[in-house]
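The values are calculated or read from the model by the stated rules, or taken from the named source; none is laboratory data. Only a predicted model underlies this, so the values are computations on that prediction, with no experimental measurement involved. In this analysis, Cβ positions are derived from the backbone assuming ideal geometry, glycine residues included, and neighbour counts consider all displayed protein chains.
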Amino acid sequence: MAEDELIHEVREGGILFTTLNRPQAMNAFTFAMYEGLAAKAAEIGRDPGIKAWVITGGGPKAFAAGTDISQFTSFTTAQHALDYEERIGGVLSAIEDCPKPTIAAINGACTGGGAGVAGVCDLRIASSTMRFGVPIARTLGNTLSLGNYARFAALLGPGRLLELIFTARLVEAEEARALGLVTEVLPDQAAMLDRAEALARTVASHAPLTLQAAKTTLKRLRENAVRGANADDMVALTFTSADFKEGVAAFLERRKPVWTGT
């Protein structure tokens, strides 16, 4: 990972700001960036000086526009896909399991892996330019893991999640607030970042074990609902398909994919 792709800044009162900093690529995640977030989550858990964690995107266009698609060009087997989903699932779990309060401050596009990272934060606020979704049905032709379907269903409800997957549309800021996906919409990025810091200071002033108990208990409730379920066959089906290869190629070539259902 380039040294400046994740920028960490500790502010007064133990508020850590992490900025996803690949604005030239709409902050799309490299694998190294994912692993950097997981490592930081573990580090925060051990650091009594950090009271709350804010994650945001650098530049004016995006929180994060998913995983860097070029990293999928080497996928040739079902195991590559399963290993990828396990790897990303581990990163999202690391952020979820961070015992400190986490806040996603979302400006611009928040899609795919970006939506996943924002979705596992405890609180989400947005600027008026936020666009949130998982448009894989019109971009790559792959699928979410079972764990990510469970996460998004808990946030949005199964019916709304299916509608977003099937239509591949993006939820804009005011609709996201109406759905409860974000709690506040600020007029611009600067106002959003100011509010994120103020909100972080508020939650950091409250009983830390109460907050930790709330987030842990809710995660256990969600996981209990899907315990024993498995969707590895659906990951293998999509990631090894001709359609997935076409989706990756079309994305990199900046053209519309031609789906065949094979």
Any residue at all in region 106-119 that is buried (at least 18 other Cβ atoms within 10 Å of the Cβ), in a strand (DSSP E or B) and among the aliphatic types (A, V, I, L, M)?
yes
Output for Cβ contacts, cut-off 8 Å, separation at least six or different chains, first residue among the charged types (D, E, K, R) in region 35-53, second in a loop (DSSP other than H, G, I, E, B), reads 35/1; 51/13; 51/14; 51/100; 51/101
Can you name every one of the helices (runs of 4 or more DSSP H) wholly within region 140-256 that holds 2 or more residues which are over 18 Å from the mean Cα position of the chain (by Cα) and basic (Lys, Arg)?
189-204
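Is it true that some residue in region 68-84 is at pLDDT below 95 and under 23 Å from residue 219 (Cβ atoms)? Quick ask: steps written out before the conclusion?
At the first step, the residues of region 68-84 found to be at pLDDT below 95 are 68-84.
Those still in the list that are under 23 Å from residue 219 (Cβ atoms) too: 82, 84.
Yes, that holds for at least one residue.
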Say we look at region 121-137 and pick out the residues that are surrounded by fewer than 19 Cβ atoms within 10 Å (Cβ to Cβ) and without any contact (Cβ under 8 Å) to a residue 40 or more places away in the chain; which of these is nearest to residue 180 (Cα to Cα)?
135
Within region 58-77, is even one residue assigned to a helix (DSSP H, G or I), more than 17 Å from the chain's Cα centre (by Cα) and free of Cβ contacts under 8 Å to residues at least 12 places away in the same chain?
no
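Kindly indicate the residue of region 1-21 that is in a loop (DSSP other than H, G, I, E, B) and in contact with a Lys or Arg (Cβ under 8 Å, 6 or more places away or on another chain) and also nearest to residue 92 (Cα to Cα) among those meeting that condition.
Taking region 1-21 as the starting set, the residues that turn out to be in a loop (DSSP other than H, G, I, E, B) are 1-5, 12-14, 21.
Okay, now just the ones that are also in contact with a Lys or Arg (Cβ under 8 Å, 6 or more places away or on another chain), so 5, 13-14.
Values: 5: 18, 13: 26, 14: 23 Å.
My answer is 5.
For region 134-145, indicate whether the set of residues that are hydrophobic (A, V, I, L, M, F, W, C) and touching a Cys at 6+ places or on another chain (Cβ under 9 Å) is non-empty. Don't jump to the end; show me each part of the working.
As a first pass, look at region 134-145 and keep what is hydrophobic (A, V, I, L, M, F, W, C): 134, 136-137, 140, 144.
From what is left, the residues that are touching a Cys at 6+ places or on another chain (Cβ under 9 Å) are none.
Within region 134-145, none of the residues are hydrophobic (A, V, I, L, M, F, W, C) and touching a Cys at 6+ places or on another chain (Cβ under 9 Å).
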Tally time: how many residues in region 22-57 are in a helix (DSSP H, G or I) and basic (Lys, Arg)?
2
Between 49, 57, which is of a type in the set (Gly, Ala, Ser), farther than 23 Å from residue 247 by Cβ and surrounded by fewer than 21 Cβ atoms within 10 Å (Cβ to Cβ)?
49
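Yes or no: region 83-99 includes at least one residue that is part of a strand (DSSP E or B), surrounded by 21 or more Cβ atoms within 10 Å (Cβ to Cβ) and of a type outside the set (Asp, Glu). Before you say what the answer is, go through the steps one by one.
Within region 83-99, the first condition is being part of a strand (DSSP E or B), and the residues that meet it are none.
There is no residue in region 83-99 that is part of a strand (DSSP E or B), surrounded by 21 or more Cβ atoms within 10 Å (Cβ to Cβ) and of a type outside the set (Asp, Glu).
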